[in-house]
Amino acid sequence: MDKHHIRILITRFFENDFPKESVLKFQQWFIRKDDSVVKNEVLNELWEREEAETDSHTLLALDEINKRIGKNKKTVKLPLSQRLLRIASILLLPLIGGLLTYWVMHDQSGSSAPKMEIAEHVVPDGEMKQILLPDGSEVWLNAGSMLLYSDDLSGSIRRLFLSGEATFRVEKDPGRPFIVKTQYMQVEALGTTFNVRSYVDSGTAAVTLEEGSVRVDVDGKVKVSEVISPNEQFVYDHRQGKTSRLQVDAELVSRWKEGYLVFEEASFEEIIRTVERRFNVTVYYDVRKYGGGRFSVKYTPYEDVRQVLTILETLNPGLKWTANNNTIYIK
């Protein structure tokens, strides 16, 4: 395949211009070795194009990063599939660039040459991961999530970037605030346990507090700064520009760490996307037919995707499903 057509395919994929039934085929084609040199060239071109569209402040900061990393770090050639994850994250989540900019421009900590090694944890669909941070804090990452932070968290502020869902148990250090950045929110805690959910394919992001206190700042269609209490959930609907606070059982919200799937007044779309991430499957359904309704249901860690769908079938009279390997069709 020539470079022109490869560029069109990759660009359409990153711009979410593929029908859902074509996404899996694209991914399978993308990670094959065929045309790997040209694929890398196109990815690099896209990377350069995205940098050119940032503002001058970001460009200066990224240039500083390149200088400091370039002098002290060898270039690492990543497998093509890993490059897809990283560059897709940059293209779909410009906040990563802003996060690195903030580290360079505002967290110098008195050093003329701060260390800029970035720790990266990517958890694919169908998996979960527990991480012990350098400061002793614990993180549980849910399926389809990514976490970035400076590798030693030694700055005056402990900053992390999250795409996806994670539960944090923060080690107390009053002199160094603990801040989690997502696409639309910033969550600040001193010593506390809380859950953050912020997937790029979801219309809402949520912060749920188990113990302690956190401040949630939203900078989107609305600008909000609120402190929430234990067993409260702060929800930001970035499509409609609305926020809400709910009373919840916070421990129940985080039981995904133990393998449970717990939904409280969840939409059909939310349930399906969670099922896709948990079991690494693709589900096709008619949004017009199943787009409405809210559901409350809990699945145990021992139930597989077929058992989950069978229970969902009982909640939706008329729903029928069939499975073909990792593809589910709901009629």
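The values are calculated or read from the model by the stated rules, or taken from the named source; none is laboratory data. In this text the structure is predicted, and so the values were computed from the model without any measurement. Reconstructed Cβ throughout: ideal geometry from the backbone, glycine too, with neighbour counts over all protein chains shown. Only protein heavy atoms, including side chains, enter the accessible area calculation; ligands, DNA and RNA are left aside. Shrake-Rupley method; radii C 1.70, N 1.55, O 1.52, S 1.80 Å.
Scanning the stretch 187-204 for residues that are in a loop (DSSP other than H, G, I, E, B) and over 14 Å from VAL139 (Cα atoms) gives LEU190, TYR199, VAL200, ASP201, SER202, GLY203.
Taking the residues in the stretch 303-331 that are in contact (Cβ under 8 Å) with a residue 12 or more places away in the chain, under 29 Å from the mean Cα position of the chain (by Cα) and open to solvent by 90 Å² or more (accessible area, probe 1.4 Å) as candidates, determine which candidate is farthest from ARG278 (Cα to Cα). Only one residue fits best here, namely TYR329. Scanning the stretch 147-177 for residues that are closer than 26 Å to ARG273 by Cα and either open to solvent by 40 Å² or more (accessible area, probe 1.4 Å) or of a type outside the set (A, V, I, L, M) (or both) gives PHE161, SER163, GLY164, GLU165, THR167, PHE168, ARG169. Restricting attention to the stretch 230-251, the residues that are part of a strand (DSSP E or B) and small (Gly, Ala, Ser) add up to 1. Close Cβ contacts (under 6 Å, 6 or more residues apart or on different chains) running from residues in the stretch 122-139 that are in contact (Cβ under 8 Å) with a residue 12 or more places away in the chain to residues that are part of a strand (DSSP E or B) and of a type in the set (S, T, N, Q) comprise VAL123/SER145.
The lone criterion from (1) part of a strand (DSSP E or B); (2) among the small types (Gly, Ala, Ser); (3) touching a residue at least 60 places away in the same chain (Cβ under 8 Å) left unmet by SER254 is number (1). Taking the numbered list (1) more than 18 Å from the chain's Cα centre (by Cα); (2) closer than 30 Å to ASP304 by Cβ in turn, THR192 passes all entries but (2). Residues in the stretch 151-179 that are of a type in the set (Asp, Glu) and in a strand (DSSP E or B): GLU165 alone.
To keep it simple, each residue is scored yes or no on (1) open to solvent by 50 Å² or more (accessible area, probe 1.4 Å); (2) at pLDDT below 80.
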| position | (1), (2) |
| --- | --- |
| LEU99 | no, yes |
| TYR102 | yes, yes |
| GLN108 | yes, yes |
| SER112 | yes, yes |
| ASP125 | yes, no |
| ASN142 | no, no |
| SER145 | no, no |
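Count of the stretch 263-277 residues, restricted to those that are open to solvent by 40 Å² or more (accessible area, probe 1.4 Å) and not acidic (Asp, Glu), is 1.
Looking only at residues that are within 16 Å of VAL248 (Cβ to Cβ) and not aliphatic (A, V, I, L, M) in the stretch 193-211, which one is modelled with the lowest pLDDT? That would be THR204. Filtering the stretch 200-225 to residues that are in contact with a strand residue (DSSP E or B) (Cβ under 6 Å, 6 or more places away or on another chain) and surrounded by 18 or more Cβ atoms within 10 Å (Cβ to Cβ) leaves THR204, ALA205, ALA206, VAL207, THR208, LEU209, GLU210, VAL214, VAL216, VAL218. Quick check, is SER244 of a type outside the set (A, V, I, L, M, F, W, C), closer than 16 Å to LEU141 by Cα and at pLDDT 90 or above? It is false that SER244 is of a type outside the set (A, V, I, L, M, F, W, C), closer than 16 Å to LEU141 by Cα and at pLDDT 90 or above. Answer with yes or no whether ALA205 is hydrophobic (A, V, I, L, M, F, W, C), within 25 Å of THR274 (Cα to Cα) and touching a His at 6+ places or on another chain (Cβ under 8 Å). Here the answer is yes, as ALA205 does meet what is asked.
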